[in-house]
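Novice: The structure is given below, and queries will be raised subsequently.
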């Protein structure tokens, strides 16, 4: 998992074989977003605010499960 700049998200990770994005929030909650393309993960890593990018580009777009 990699640390990111965000008030809400603490770490993210990605499994390219499963196309799964892992997100750990500062609250301790962890989510898995499925069917996420690698370029979306790369853009999330480079975002000025990972939380903002997550809510605008990933939440509601890709299916997820709570870890």
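Novice: Tell me, please, whether a residue that is on the phi > 0 side of the Ramachandran plot and at pLDDT 95 or above can be found in the stretch 10-24.
Specialist: Scanning the stretch 10-24 turns up at least one residue that is on the phi > 0 side of the Ramachandran plot and at pLDDT 95 or above.
Novice: Residue 17 fails exactly one of the following numbered conditions: (1) crowded, with 18+ Cβ neighbours inside 10 Å; (2) not in a helix (DSSP H, G or I). What is the number of that condition?
Specialist: Answer for residue 17: the failing condition is (1).
Novice: I'm trying to understand the selection: among the residues of the stretch 37-67, which are closer than 15 Å to residue 1 by Cβ and either under 9 Å from the mean Cα position of the chain (by Cα) or at pLDDT 95 or above (or both)?
Specialist: Hits for the stretch 37-67 are 41, 44, 45, 50, 54.
Novice: Looking only at the stretch 27-61, which residues are in a loop (DSSP other than H, G, I, E, B) and touching a helix residue (DSSP H, G or I) at 6+ places or on another chain (Cβ under 8 Å)?
Specialist: Within the stretch 27-61, 36, 47 meet the criteria.
The values are calculated or read from the model by the stated rules, or taken from the named source; none is laboratory data. Remember, predicted model here, so these are calculated numbers, not experimental data. Because the Cβ atoms are built from the backbone with ideal geometry, glycine has one as well, and the counts that use them run over all protein chains shown.
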